[in-house]
Amino acid sequence: MKVLMTAFVFALALSAPAITQAQTRSANPAPLRGQLLLPDFASLSDKASEVVNVTLDQRLLSMGCRFLNVEDPDQAEFKKVCTGLRGIFVRHFTFDKDFAYPKADIDSVRRQLNGPGWSQMVNVRSNKENTNVDVYVLIDGEKAQGLSIIASQPREFTIVNVVGTIDLEQLHDLKNFGVPDLELEKKDAPKKK
């Protein structure tokens, strides 16, 4: 099984100084409903061979959505998705050695998803490959108010936390915000030609 990070196209529309300024302006803002409390992974940056760190609050999302072209059908559809979002948080680390990251930190994030309102949609465990994938949705009434994906392998882990109103039929559009596609492969299955 592989966890594939897709291109974070949307971030190109935002300037790096605006993102840095928003992150430093409020070091510890009150979390939004559905926002996970992520450990400080700063010490892992030097150990990792690849790091993806996406932190977009509602203000940055609104600003970025303005760059979308409503004349383009794909962008217009995506604009509908992003208008209900209040935050997108992605942490992805890849390492050259097995378990160079603290598994306890990942487990502490998983435990948060046992809280009220969260429902597990997907649970994949492979003891052979030492892989865990969990997908949870936060339901409030009849609406999804959050999505969390935690995927870990010996040499990488990914945490995705999407906060806000989410149309579950449009989840595939979130890949434009850095939410990874999850590709599940069976090693014994024949490959299609």
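Could you go through the range 32-47 in sequence order and give the Karplus-derived ³J(HN,Hα) for each residue, using 6.51 cos²θ - 1.76 cosθ + 1.60 with θ = phi - 60°, rounded to whole Hz, and x for Gly and Pro?
With the stated coefficients, the range 32-47 comes to 6, 4, x, 7, 7, 8, 8, x, 7, 8, 4, 5, 7, 4, 6, 7 Hz.
HN-Hα J couplings of the range 145-159 from phi, Karplus 6.51/-1.76/1.60, θ = phi - 60°, integer Hz, Gly and Pro as x?
Once rounded to whole Hz, the list reads 10, x, 9, 9, 10, 10, 10, 9, 9, x, 10, 7, 8, 9, 10.
Sort CYS82, CYS65 so that the residue with the fewest other Cβ atoms within 10 Å of its own Cβ comes first and the one with the most comes last. Show your work: numbers first, answer last.
Working: CYS82 21, CYS65 18.
Neighbour counts put them in this order, fewest first: CYS65, CYS82.
What ³J(HN,Hα) values, in whole Hz, does the Karplus curve 6.51 cos²θ - 1.76 cosθ + 1.60 give for the range 80-94 when θ = phi - 60°, with x put for Gly and Pro?
Ordered by residue, 3J(HN,Hα) equals 4, 5, 6, 5, x, 8, 10, x, 9, 10, 10, 10, 9, 10, 10 Hz.
Between VAL52 and MET121, what length comes free when the chain is fully extended (0.36 nm per residue of separation minus the Cα-Cα distance, one decimal in nm)?
22.4 nm
Throughout, read-outs are computed from the coordinates displayed, never taken from laboratory work. Predicted, not measured: the structure shown is a model, and the values here were computed from it. Heads up, the Cβs are rebuilt from the backbone with ideal geometry, glycines too, and the neighbour counts pull from every protein chain shown.
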